[in-house]
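Have a look at the structure below before the remarks.
Each value in this text was obtained by applying a stated rule to the coordinates, not by laboratory testing. The model shown is predicted, which means the values in this text are computed figures rather than measured ones.
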Amino acid sequence: MTRALLGAAMLPLVAAAGPIPSSPDLGKAEARCRPNESGPAFLVDVEGLKDRKGRLKVEVYPANDDDFLADDNVLINAGKIFRRVEIDVPSDPVPRICVRLPAPGNYAVSVLHDRDSNRKFGWRTDGIGFSGNPRLGFSKPKSSKASATAGTRPTNIDVIMNYQRGLGMRPL
């Protein structure tokens, strides 16, 4: 049986299984960089951290407004790009996080400094940053302002973290 026929035969089984259950681990396996990564990837330098508490979470989304910051379960079930890397905040002055990508192209990237490690964004305590470092207002930035282009090899991007200051979010 050819792969195409086998894939077609398996389709009803996959559909019957239903959607992929939501989990904080969605997108992580695909996002792990290999040692000395040589393919498409972002090397995210996280600048302006408030402190070294909690965890850093880098997420990669399709670079369009409908999918940017959409639910990870919805994106994966629709066959769309979603990558996630989570690490404890390292002591490095500027932590670098590698996120593997499926192909060169344009992607929207978010970085969360989850200071209390509760896996939720709390605008009063946590920090947030995006590729392109857009100025933040009271809503999510447009994906065009929060995206970066990856080449065929690892691509460096700098993300400046924003924390609540007054009524808004901005760098320290």
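Rounded, prolate or oblate for the range 21-170? Axes are the square roots of the Cα gyration tensor eigenvalues, ordered a ≥ b ≥ c, and the cut-off for rounded is a/c under 1.5. Taking the square roots of the gyration eigenvalues as a ≥ b ≥ c, the range 21-170 is rounded. Computed from backbone phi with θ = phi - 60° and the Karplus coefficients 6.51, -1.76 and 1.60, the 3J(HN,Hα) list for the range 151-166 is x, 7, 10, x, 10, 6, 9, 9, 10, 9, 6, 10, 10, 4, 9, x Hz; x is used for glycine and proline.
What number, in percent, do you get for the relative contact order of the range 21-170 if the mean sequence gap of Cα pairs under 8 Å and at least 6 apart is divided by its residue count?
Details: 344 pairs, mean separation 49.1, N = 150.
Normalised by residue count, the contact order of the range 21-170 is 33 percent.
What's the extension gain from R34 to A70 if we count 0.36 nm per residue and subtract their Cα-Cα distance?
Working: separation 36, 0.36 × 36 = 12.96 nm, distance 2.66 nm.
Result for the pair: 10.3 nm of gain on full extension.
Taking 0.36 nm per residue of separation and subtracting the Cα-Cα distance, full extension of the segment from R135 to I87 would add 14.7 nm. Each residue of the range 109-120 was assigned a 3J(HN,Hα) from its phi angle through the Karplus curve 6.51 cos²θ - 1.76 cosθ + 1.60 (θ = phi - 60°); the sequence is 10, 10, 10, 10, 9, 7, 5, 9, 6, 9, 6, 10 Hz, with glycine and proline shown as x.
Distances between placed amide hydrogens fall under 5 Å for D65 paired with S143, all partners being 5 or more residues away or on another chain.
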